[in-house]
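See below for the structure under consideration.
The values are calculated or read from the model by the stated rules, or taken from the named source; none is laboratory data. Everything numeric in this text was worked out from a predicted model, so none of it was measured. We place every Cβ from the backbone using ideal geometry, glycine too, and count neighbours over all the protein chains shown.
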Amino acid sequence: MWQRWTALLVGFLLPGILHAEPKLEQFFAQNCVKCHGPEKQKGKVRLDKPVGALFAVEELLETIATVLEVGEMPPEKEPQPTAAARAEAFQIIQERILAQRPANPLKRLTRAEYTNTIGDLFGVDFDFNGLLPPDHVEHGFDKFGKAHLMSPHQVMAYLKTARFIAERMLPDAKPGTRTWEFDVRHFHGSKNFATGGGGDYRDGDDYVLTGFRPYRSNLHFSIDPESHEQFVIPAFGVYRLEVKAHSEKSKEGEVIGINLGDGRHPTSFRNIRRIPMPHGSKGFATELTLKVGDQLAFTFDSARVPGRTLEKKPHKGPAMRFSHLRVIGPLTEQWPTAAMEAILPKPNMKPTELVDHIALLLTQRPLTAEDRKAFVEIAQTLEKSGASMTATARSVLIALLTSPHFIYKSESPKLTSVELAHRLSYFLWNSVPDAKLLAFAKSGELGKDPSAQVKRILKDARAGRFIDDFTRQWLQRDKVDNFGPDVRVFKKVRRMTVDSMGREGRELFRHLLEKGLSMEHFIDSDFVMANDRLARFYGLPAVKGDAFVPVKLPKGSERGGLVAQAGFLKLTSTDFATSPIHRGSWILKNLYNERIEPPSDILINEPDIRGTTTIREAILKHQELESCARCHSKIDPLGFALEYYDPVGRKRGEYRHVEELPVERNGTTFTKKLKFTKVPIDATMQLPNGREVRDLPTLKAALMADKELILKGIIGKLISYAHGREVTLADRPYIDAVYQVSKSHKYSLRAAIEAIVAHPEFGRK
């Protein structure tokens with residue numbers, strides 16, 4: 001039905017578009033070619049070409065439509081077209097965009113999707129970060145098919161990963177389990193590091209960690225008490241760690257980090273797990289999937305970070321004492337393993353039977369006769385050579401894991417029932433559909449009314465992957481800790497407080513989704529999501545433990561909403577200073593879903609900021625240049641309204657500019673001494689629509705006035721994530737329909753997601 005409607009739409013629109021081309025060419029000639037013609041090509045855009053040639057460039061078409069719609073072009077100082085002429089030109093372009101709706105590009109599994117898929121299919125917990133390269137990010141997301149190019153390096157990485165999986169899921173023999181015991185004699189760490197803090201040390205039967213220093217302070221261990229050679233994992237598998245440890249000089253819960261890397265040279269530690277240690281805890285036990293050669297080290301992640309100083313000072317804060325470690329593994333709960341039984345359900349399988357079984361297991365659909373033939377030949381060749389059934393299954397598994405049938409998401413122009421189930425599950429689970437979803441799809445009911453399945457899927461624990469992954473990319477919350485804070489300036493901001501800042505956006509999204517609450521809370525709310533550390537940082541009533549709960553804000557509080565979160569405010573700052581441009585552009589990109597790119601001639605036309613004495617003066621210089629003004633007139637007011645919040649998201653009444661001054665000692669120059677200068681804040685600016693913003697409350701009021709634009713922007717982000725492509729003007733009917741459904745449910749986030757899945761566009765390639 002939807003396809004027929006689209007065909008009719010194109011059939012009606014296309015003749016009209018062709019007829020309208022002379023009108024559009026005339027509009028460009030009268031209003032645009034002065035700056036975008038044979039003599040000048042501002043922004044490297046030329047509009048004196050036939051309209052048909054311009055229409056062939058999708059991104060240019062989108063840009064022209066956008067600037068016409070909002071009235072950004074022609075510039076204010078130039079003669080302006082009539083409102084009717086502008087509207088007519090925009091209508092012609094919009095109709096063309098609607099007539100050439102973009103198809104969803106071919107997409108492959110991202111690294112996260114690949115990991116989850118293997119885990120769900122076989123019940124294993126593999127970490128592929130060291131095997132598969134990170135995915136390219138396009139417009140904020142790594143799911144965009146446009147960026148899923150397959151380089152020779154990528155091909156080899158998939159082959160290496162497939163071999164890793166096959167060799168570990170189909171071993172020839174049961175691995176043996178061993179136990180290793182470590183005490184203070186085997187423990188090693190960082191002693192008396194040069195920049196202060198007291199160092200780590202042995203104290204009787206304990207080894208003591210005093211500070212969080214991911215590049216210095218850690219506890220690692222050796223096999224031989226007389227050796228400093230670090231213990232390494234001898235075989236792949238699941239290992240159980242039993243640790244005796246407790247904190248001292250602390251009245252609250254602490255956090256231990258488990259890291260992979262050589263503790264002797266911990267410059268490239270990779271944290272794989274954080275273990276909460278409630279007050280009074282005497283230790284913990286956890287299980288990890290580790291591979292050959294892995295080295296383990298512990299860090300005291302919640303420690304107070306001492307300031308950097310040239311003097312060594314005794315440590316007076318909390319410490320973490322370790323007395324014993326037991327490592328047991330690799331663990332094997334059953335033999336054959338669940339993965340082995342899934343891949344080889346029978347001891348003797350014919351080549352055709354083996355291929356069909358593994359292919360259906362991996363792809364959840366049968367292979368075509370032609371594709372099937374190649375894999376069967378692999379199995380037959382190995383069978384004839386006398387290879388064992390296990391060895392044959394390994395080779396078939398490797399071949400199928402490296403084939404497009406598994407790596408890529410197969411989609412027809414109109415999705416089949418199974419393809420629709422896959423799109424839904426990779427949207428909300430980042431993994432393959434389960435048996436219930438597949439059965440519902442094959443019955444034909446999924447295409448008619450998916451709401452029951454969407455509700456079930458969102459209640460499942462696997463929906464946490466969607467919440468994690470979407471908020472990580474949309475809010476860039478994994479980058480909150482990329483910079484500082486510099487402990488010399490922000491002495492009371494603890495490491496785990498920053499970690500909690502990065503989690504707040506995720507928890508707000510989760511709460512709104514689980515409770516069916518309004519997306520308006522992303523703009524402003526009368527509560528925040530906080531754990532013990534974040535509640536303390538915000539000065540709110542005490543919260544017990546590390547779990548996030550909704551906390552009612554006191555009257556007059558400016559918190560609430562995404563832009564008031566400390567994580568966002570820190571993300572858009574550096575070690576020392578805030579960045580109004582970063583804050584403003586983040587709001588435009590991630591709330592309004594506007595595409596902001598610097599003009600192509602930005603390097604040539606940088607503003608002259610000589611003579612400026614403040615950040616405000618320097619930034620306002622951008623608006624004096626036509627090439628910069630288009631974006632900065634929108635960016636700067638949004639960012640400056642947040643200047644009353646410092647780089648870690650705390651309220652401030654004035655700037656505290658920081659300079660690092662050189663200090664000479666014993667013939668060596670250090671950059672250690674800091675100079676602080678107080679400067680008044682002037683945050684008042686006007687948005688392009690004339691509305692004044694001067695602080696966080698007035699900014700929230702301005703954002704709430706744009707509620708429809710922002711909620712549609714968030715819906716657009718969700719659609720981009722679900723479809724693996726950027727939304728365009730052609731998606732406006734899709735976005736508008738979802739918005740209206742959500743509006744009828746009090747702007748519910750859950751209702752918006754259900755409406756995305758229920759819309760006919762969700763079932764199209």
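Any chance the range 525-545 includes a residue that's part of a loop (DSSP other than H, G, I, E, B), in contact with a Lys or Arg (Cβ under 9 Å, 6 or more places away or on another chain), surrounded by 18 or more Cβ atoms within 10 Å (Cβ to Cβ) and of a type in the set (Asp, Glu)?
No: the range 525-545 contains no residue that is part of a loop (DSSP other than H, G, I, E, B), in contact with a Lys or Arg (Cβ under 9 Å, 6 or more places away or on another chain), surrounded by 18 or more Cβ atoms within 10 Å (Cβ to Cβ) and of a type in the set (Asp, Glu).
Output the strands (runs of 3 or more DSSP E) that fall wholly within the range 215-296 and possess 1 or more residues being on the phi > 0 side of the Ramachandran plot, or say none. First the steps, then the outcome.
On the way: elements: 237-248, 254-260, 270-277, 283-290.
So the answer is 237-248, 283-290.
Go through Leu508, Leu553, Leu571 for me and flag whichever is closer than 26 Å to Ser748 by Cα, among the aliphatic types (A, V, I, L, M) and crowded, with 20+ Cβ neighbours inside 10 Å.
Numbers: Leu553 fails: crowded, with 20+ Cβ neighbours inside 10 Å; Leu571 fails: closer than 26 Å to Ser748 by Cα.
It is Leu508.
Please enumerate the residues belonging to the range 465-522 that are acidic (Asp, Glu) and under 19 Å from Ala303 (Cβ atoms).
Of all residues in the range 465-522, those acidic (Asp, Glu) come to 468-469, 478, 481, 486, 499, 504, 507, 514, 520.
Residues satisfying the conditions are Asp481, Asp486, Asp499.
Given (1) within 38 Å of the chain's Cα centre (by Cα); (2) of a type outside the set (Phe, Trp, Tyr); (3) modelled with pLDDT under 95; (4) outside any helix (DSSP H, G or I), identify the lone condition not met by Gly386.
Tallying (1) within 38 Å of the chain's Cα centre (by Cα); (2) of a type outside the set (Phe, Trp, Tyr); (3) modelled with pLDDT under 95; (4) outside any helix (DSSP H, G or I), Gly386 fails exactly one: (1).
Which one is surrounded by the fewest Cβ atoms within 10 Å (Cβ to Cβ), of the residues in the range 114-157 that are in contact with a strand residue (DSSP E or B) (Cβ under 9 Å, 6 or more places away or on another chain) and within 24 Å of Leu360 (Cβ to Cβ)?
Residue satisfying both the conditions and the ranking: Asp125.
For the range 495-522, which residues satisfy the criterion of being among the hydrophobic types (A, V, I, L, M, F, W, C) and over 20 Å from the mean Cα position of the chain (by Cα)? Working first, answer last.
Keep residues of the range 495-522 that are among the hydrophobic types (A, V, I, L, M, F, W, C), which gives 496, 498, 501, 508-509, 512-513, 517, 519, 522.
Leu517, the sole residue that qualifies.
Within the range 688-705, can you find the residues that are among the acidic types (Asp, Glu) and either in contact with a helix residue (DSSP H, G or I) (Cβ under 9 Å, 6 or more places away or on another chain) or closer than 29 Å to Asn430 by Cα (or both)?
Answer for the range 688-705, where residues must be among the acidic types (Asp, Glu) and either in contact with a helix residue (DSSP H, G or I) (Cβ under 9 Å, 6 or more places away or on another chain) or closer than 29 Å to Asn430 by Cα (or both): just Glu692.
Out of the residues in the range 476-510 meeting the condition of being modelled with pLDDT of 80 or more and either in contact with a Pro (Cβ under 6 Å, 6 or more places away or on another chain) or of a type in the set (S, T, N, Q) (or both), tell me which one is farthest from Ile587 (Cα to Cα).
Applying the filter and picking the extreme gives Val493.
So which pairs qualify, if the first residue must be in the range 363-379 and outside any helix (DSSP H, G or I), the second must be modelled with pLDDT of 90 or more, the Cβ gap must be under 6 Å, and the two must be at least 6 apart or on different chains?
Arg365/Val418; Leu367/Ala359
Okay, residues lined up against (1) of a type in the set (D, E, K, R); (2) at pLDDT below 90; (3) buried (at least 20 other Cβ atoms within 10 Å of the Cβ):
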| site | (1), (2), (3) |
| --- | --- |
| Tyr239 | no, no, yes |
| Glu242 | yes, no, no |
| His246 | no, no, no |
| Glu252 | yes, yes, no |
| Asn259 | no, no, yes |
| Arg264 | yes, yes, no |
| Ser268 | no, yes, no |
| Ile275 | no, no, no |
| Pro278 | no, yes, no |
